[in-house]
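Inspection log for the structure reproduced underneath, given as structure tokens.
All of the numbers you see were taken from the coordinates with simple rules; none came from a lab. Note that the coordinates shown come from a computational prediction; the quantities given were computed from them, not determined experimentally. Here the Cβ is made from the backbone with ideal geometry for all residues, glycine too, and neighbour counts use every protein chain on show.
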Amino acid sequence: MKTNSALLQNDLFGERDMVDIAIKRLKLFEPIALNMNPAGYWIGISGGKDSAVIYHLAKTAKVKATFHHSLTTVDAPETIWHIKKEYPDVEIHRPTIPLLQKIKQVRTSPPSRNGRRWCCRDYKEHFGTGYMVVTGVRAAESARRSGYRVIEQCMRAKTKRFCHAIIDWTDDMVWKYIKENNIPINPLYKEPFNFKRVGCVLCPLALPGVEEQSRRWHPRIVAAWEKAIKEWFERFGDECCNISGIKTAEEYWRWWLTGQAGSLPNENQETLIFEEPKEAFV
């Protein structure tokens, strides 16, 4: 594997090779990871660009690690296929209850961008207890993450720590490293999809920006989301929905998608349907 890179950054400390720094971080904290668990690092592979870089860096550093992907059952099928093809040593974890089925059972509310996002907690973040978890989290991604440090203690589990090995990388650095090392990327980033981020189809954090793309490429999963959201409202809406002006399941679905009232996208628009995993629609 290629170990040298032109990813250089100039700051108060002079010129720094960001790849060399990331590899040194992984090697430096490996003894702590091994002390926490003899299996070494726990590394989650989402199928996105950042986890692709982390996977390659861990292999380059030759640190002891296991690799994992946590299904939510609303994952893009292209992502699942990509992981199975390019990461044969990744263990895929299947949930006991599919996400859209669980939505119908949770009284509080479905996960949303301006509400409780229990989906991440229950389907992703609970893994890795007892491990040093290597992430692809980067400060450039959000104001909240800009305050993260390289090593952090998990707030929910005392026996879990995080190593943000590329915390100070920019998007350009990530893509440059991928290009330099010929790392295969998720096809959703490419033509004709052109997704900016990959993850769950219709992820609340990405709404409303990904709605049109999701309807075009994964209409069946969008329809499954709609069914689950409306069923939740019909079951718990009168008791749990306190959003002003929302009185019907259709109005709640519109609010969940857009955060505001207004007409829904044209349901007759062109859609391109791929064969999607059955688990996505349960």
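Summary of values
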| item | result |
| --- | --- |
| Degrees separating the helix 77-86 axis from the principal Cα axis of the chain, which is the longest one | 20 |
| Lysines with Cα under 20 Å of Lys27, excluding same-chain neighbours fewer than 8 positions away | Lys2, Lys59, Lys62, Lys64, Lys160 |
| Highest average packing first - 221-229, 40-48, Cβ atoms within 10 Å | 40-48, 221-229 |
| Cysteines without a disulfide-compatible neighbour (Cβ-Cβ under 4.7 Å), the chain | Cys119, Cys120, Cys154, Cys163, Cys240, Cys241 |
| DSSP-defined antiparallel bridges as percent of all bridges, the chain, nearest 5 | 35 |
| Nearest 10 degrees, 0 to 90: helix 249-258 Cα axis against the chain principal axis | 30 |
| Rh (Kirkwood; distinct C-alpha pairs) - the chain, Å | 20.4 |
| Peptide ranges 51-57, 178-184, 96-102 listed from the most packed, as the mean C-beta count within 10 angstrom indicates | 51-57, 96-102, 178-184 |
| Protection proxy ranking of 120-132, 187-199 - average other beta-carbon atoms within 10 Å, highest first | 120-132, 187-199 |
| Total charge dipole magnitude, the chain, about the Cα centre, Cβ charges on Lys, Arg, Asp, Glu only, Debye to nearest 20 | 840 |
| Amide hydrogen neighbours beyond the local backbone of His69, cut-off 5 Å, H modeled | Ile45, Glu91, Ile92, His93 |
| Using alpha-carbon coordinates, inclination of helix 18-36 to the longest axis of the chain, degrees | 80 |
